[in-house]
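One structure below.
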Amino acid sequence: MEKGIARFRAIWLSDLHLGTRSSRAESLLGFLKEYDADTFYLAGDIFDGWAMKRSWYWNQYHNDVVQKLLRKARKGARIIYIPGNHDEMAGQFAGLFFGGIEVRPQVVHETADGRRFLVIHGHEFDGVVKGARWLQQLGSAAYDWLVLANQYCNRLRLLMGYPYWSLSAYIKRKTKRTLQYIDDFETLVVRRAQQEKLDGIVCGHIHQACLRVIEGVTYANSGDWVESCTALVEHYHGELEIIHWRDPEPERAKRKAASELVAEEA
């Protein structure tokens, strides 16, 4: 094992939304440099096809993340890509390998202590996604606007010496309708695991990292790399844990925030 690298039996990543300005690709690259695993699950919305149709955005960090994952595959890591709703076009390649990365619609993961978890993206349980597509796209555009506003807010916070704070996550926590949606989503997800007689389920989609037991089923959500910068990991003895990534160089982040504000004002 490389010096300074934390290694796990498995790592789950979801909702990277590469191809958008809101993707925290630089932070993800930092995470991938410090964490490694025997198996990586890319649990949907890795690329944001919807946003890329409206406005293409792809910088060097987005490219570096893809290259880093491909490099891990070449070094022997098993990488399974499970498309979500924003990257649904990749679903047509299910069963194929690209650069050592396998595309699957879903998969069952068995932990070191023998528990079986269904791994999916989670949009299958979203009534809006399964219903009116125009409403789904409208919601996605509104969310993109909110995240963009949040970026400006946090650049100013960094310059003032304050830590990262998510405006969109705050609104989610304070909105009763959103809380009810999350509860309904978790209930449906758990019911699916119960129907298939599984010990748990791992998903993404709602950008809300979580690890808890509901009605005897372990519900794990790996979160996202737009707001929270979280990942789910499995230790070699089978324990699951949510990792909250924080950029380790606050002064560098502060300088970067200042340069981005100057560049956009020019």
**Request:** Determine ³J(HN,Hα), in whole Hz, for all residues of the stretch 210-220 in sequence, where each value follows from phi through the Karplus function 6.51 cos²θ - 1.76 cosθ + 1.60 and θ = phi - 60°; x replaces Gly and Pro.
**Result:** 7, 8, 7, 9, 10, 6, x, 10, 7, 9, 10
**Item:** Net dipole in debye of the stretch 1-68 [+1 Lys, Arg Cβ; -1 Asp, Glu Cβ; about Cα centre; nearest 20]
**Value:** 120
**Item:** Residue-count net charge about His235 - beta-carbon cut-off 12 Å; Lys, Arg +1, Asp, Glu -1
**Value:** -3
**Prompt:** Using θ = phi - 60° and the Karplus form 6.51 cos²θ - 1.76 cosθ + 1.60, what ³J(HN,Hα) does each residue of the stretch 47-59 get, whole Hz, x for Gly and Pro?
**Reply:** 10, 10, x, 5, 5, 5, 6, 7, 7, 6, 9, 8, 9
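Every read-out reported here was derived from the displayed coordinates using simple, explicitly stated rules and does not represent laboratory data. Just so it is clear, the structure is predicted and the values come from calculations on it, not from any experiment. For neighbour counting, all protein chains shown are included, and Cβ atoms are generated from backbone atoms with ideal geometry for every residue, glycine included.
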